[in-house]
Amino acid sequence: EKGNHRHFMGKEIHEQPEVVGRTLAHYVDLSQGRVALPEALPFDFRDLSRLSITACGTAYYAGLVAKYWFEKLARLPVEIDVASEARYREPPLERDGLTLVISQSGETADTLASLRYAKAQGQHTLAVVNVPTSTIAREASAAVPTLAGPEIGVASTKAFSCQLTVLLCLAIAAGRARGTLSAEAERGLVDALITVPGLMADALQREGEVEGLAREIAKARDVLYLGRGTAYPMALEGALKLKEISYIHAEGYAAGELKHGPIALIDESVPVIVIAPHDAIFEKTVSNMQEVAARGGRIILIGDAKGAAAAGLDTMATVTMPDLDPVVAPIVYAVPIQLIAYHTAVFMGKDVDQPRNLAKSVTVE
Ligand code: M6R
C-alpha cells in the first residue's frame, strides 16, 4: 500500500499535488474561473456577522489560516479556538450564526462536542471533513469534503493541504456572496488556485535539499519557527509536525512576537526556520531575521528567490520556493514544512507513521 515509499507519511506528502488537484476540481468551475460549491449551503454568508471556527491540532491550524482568508476576502470577523477550550468556555453564540468545524477523521471528541454545543445554541454548523461517513459529517447541518483519501500516517499532511484548499474556496464563496470580492478578483484567485498542484510538485523537487538540511536540524534540541500573516499559523503547524514525529522541542511564533520573549532563546544552537513568501509584510519579517542573525541564530529561510535576494542575509540554508500569489502560499508551503519534519525524524530513526503516545484519531478527551 505504501507503493515505493518507506512510510505512509512520505507517500501522503507526495500525493498532495494529486489530491489537492482533485479537491480543487470539486470546488472550482474551471470553465467559468469561479468557485462553485458542490451543494447549496443551508445559510447565507451575507447574513452572518461573525464566524466561529473550532478544531484540534493540525485542523485547528488550517482554521487559523482560514481566519486570515475569511477576514481579508469576505470581511467576515472570525473567532477561532481549539475545540477543547471552546466546548467548556461555552461562548455566547448568536442564533442562526455559523460555526465551522474542521476535522480529518470526523471523530475527534472535542470537535464533536463543540459542534453539538453550537447546534444547541441554534447555530448553523458547517463541517470540513475527510471521512464523509463520520459522526461529525453526519451531525453537522452541512458537510463539505476534503478529497484527500484515507490518511494513515498519524501526522496529518495531505488532509491539511486539502483542508486549506476547501477553506480558501469557502472564503472566496463568502467574499462573492458578501460583495467584498469582485468577479475579477475571484478570477485572479481561481487562476492562482489552479496553479497550486503544479507548484506543490515543484516544491517536492526540493526534497533532496531538505534531506540535507534535516541532518542539521536533527542535532538541535530546540527549533523555532517564525512567520507573519498566514505564515504564522504555518509556523505553528511546522513546529507541531516536527515535535510530534522527531520529538525535538519546537515552537512556532508570530515573527513580531520575537522581541517580546522568545528572542532570549536565540543562540548558535537554535535553528530558526522562517516561513516568508515575498508578500506585503515580507520586509517586516526581514527585520526579525536580522534580529536573529545579530544574535548568532542560524536561519533557515523558506521563501522565494525574490525574497531571498531582497533579504540579503546570510542564512544557514534557503529552501527556494516557486513564485506565487501570496494568498495561496500556505497550501504550497505546507510541502517543505512537512518534508523538514519527515526527513528529520527519518534521519533520527523515529517511527514517523506511529509516533509514540499519539493516536490517529482522538475519540476520547
Ligand atoms: O481528525 P482530526 O482532524 O479532528 O484530528 C485533529 C488532531 O488530532 C490532528 O490534526 C493531530 O494534531 C495530528 N496528529 C497532527 O499531525
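Structure data summary
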{"read-out": "A280/E18 FRET efficiency (R0 41 Å; Cβ-Cβ; nearest 0.05)", "value": "0.85"}
{"read-out": "Nearest-ten-degree value, helix 16-27 long axis tilted from longest Cα axis of the chain", "value": "20"}
{"read-out": "For the chain: relative contact order, % (alpha-carbon pairs under 8 angstrom, 6 or more apart)", "value": "19"}
{"read-out": "Sequence ranges 114-120, 334-340, ranked by mean other-Cβ count within 10 angstrom, highest first", "value": "334-340, 114-120"}
{"read-out": "Highest average packing first - 63-76, 257-270, 161-174, Cβ atoms within 10 Å", "value": "161-174, 63-76, 257-270"}
{"read-out": "Calculated [θ] (222 nm, deg cm²/dmol) that DSSP helices of n ≥ 4 give over the chain, each run adding -39,500 (n - 2.57)", "value": "-14500 deg cm²/dmol"}
{"read-out": "Packing rank of 301-308, 2-9, where each peptide gets the mean count of other beta carbons within 10 Å, highest leading", "value": "301-308, 2-9"}
{"read-out": "Stokes-Einstein D for segment 247-365, Kirkwood Rh over Cα pairs, 37 °C, 0.692 mPa s (µm²/s)", "value": "207"}
{"read-out": "Other-chain or far-sequence residues with amide H under 5 Å of V270's (modelled H)", "value": "R298"}
{"read-out": "Greater than 19 Å apart at Cα, pairs in K241/K360; K219/K350; K241/K350; K158/K284", "value": "K158/K284"}
{"read-out": "Percent of C-alpha pairs per 20 Å bin, the chain, short to long", "value": "31, 59, 9"}
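Each reported figure results from applying straightforward, stated rules to the coordinates on display, with no laboratory input. Keep in mind the model is a prediction, meaning the values are calculated, not measured. Cβ: placed from backbone, ideal geometry, glycine included. Neighbour counts: every protein chain shown.
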